[in-house]
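Notes follow the structure.
The values are calculated or read from the model by the stated rules, or taken from the named source; none is laboratory data. These figures come from a predicted structure and were not determined experimentally. Glycine also receives a Cβ, built like all others from the backbone with ideal geometry; neighbour counts cover every protein chain displayed.
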Amino acid sequence: MVFSYDPQGVVQYSGRFRCKKRDKIALIAVVRREFSRRLKASRSSPDRIIYSRYRISWQPFCSKLDEFFHHLLKILLVMKTKMFFSRLSLVMVCFALALTSKAQRQSPHDTVTANIHGANIKVTFGSPAVKGRTIWGGLVPYDKAWRGGADEATLFTTDKDIKIDGKKLAAGTYSLFVNPGKEKWTYIFNSQTGQWGIKMGGAANYDESKNVLTVTADAKTVPMEENLKYVFKGDRFGLNWDQREALVKIE
């Protein structure tokens, strides 16, 4: 690569090098400023400047400049390589965490969907089995918030604003928790999503300050259901497991 100084005082360059456009522009600007400064300072030494009909070239400086420029490109390549591997490492860590999360799952997972009054609704949940255990008041204590499934927190998604038992729920995705009582259940819609369903001590894993909506439904006895599931029955929705079910109305 050769840099030159034309009679109008503008530094030019010729030659090719491999570099992204934005890096090339930045480097050329730096080099032009330095070359102009040194060239002006060297005008008192005519033996170092070669005159031609169209331009004045400072060959000794251009030679050093070329070396400096290629050295700078090497530094940039090293930096970009390190950035690439840093980003790759971050992606691999995230992928490993995702695999670890799935590996910790103890139950099958399921998704149910419905279209109610023009709103597309989807519920994604872990589906544990009874396996001969006492569920209500045993595995799932009464009057304590529960993840309403297994593994990760249950997710409730609607693509349109809806009303649940007359209370507005804006379009979006929410974690869904259940607080079951002997006679009534409370459904809790929370804006925090993506978390594991319980904390280390077993308590439901959600931030109460992010609760968006809570609604209460009557619990009733239904035929035995081995695996936990969420059901849509007309315009009603709720959790069904073992021999208990509680439905809320969606408008």
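Results, tabulated for the structure shown:
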read-out	value
Test for ILE188: is it surrounded by 15 or more Cβ atoms within 10 Å (Cβ to Cβ), in contact with a strand residue (DSSP E or B) (Cβ under 8 Å, 6 or more places away or on another chain) and modelled with pLDDT under 95	no
Test: residue in the range 215-230 that is among the basic types (Lys, Arg) and under 18 Å from ALA129 (Cα atoms)	yes
Pairs where the first residue, in the range 169-187, is free of Cβ contacts under 8 Å to residues at least 40 places away in the same chain and the second is outside any strand (DSSP E or B) and buried (at least 23 other Cβ atoms within 10 Å of the Cβ), C-beta under 8 Å, 6+ apart	SER175/ALA153; SER175/TYR206; PHE177/ARG147; PHE177/GLY148; PHE177/ALA153; PHE177/TYR206
In the range 226-251, residue surrounded by the fewest Cβ atoms within 10 Å (Cβ to Cβ) [restricted to those that are free of Cβ contacts under 8 Å to residues at least 60 places away in the same chain and more than 20 Å from ASN120 (Cβ to Cβ)]	GLN243
Test: residue in the range 133-146 that is at pLDDT 95 or above and under 29 Å from the mean Cα position of the chain (by Cα)	yes
Residue check, GLY138 part of a loop (DSSP other than H, G, I, E, B) and either under 19 Å from VAL123 (Cβ atoms) or in contact with a Phe, Trp or Tyr (Cβ under 6 Å, 6 or more places away or on another chain) (or both)	no
Residue that is farthest from the chain's Cα centre (by Cα) [pool: residues in the range 148-176 that are closer than 16 Å to THR216 by Cα and surrounded by 13 or more Cβ atoms within 10 Å (Cβ to Cβ)]	ASP165
Qualifying positions in the range 159-207 - farther than 19 Å from GLY149 by Cβ and basic (Lys, Arg)	LYS160, LYS163, LYS167, LYS168, LYS182, LYS184
Of the criteria (1) touching a residue at least 60 places away in the same chain (Cβ under 8 Å); (2) closer than 14 Å to VAL140 by Cα, which one TRP196 fails	(2)
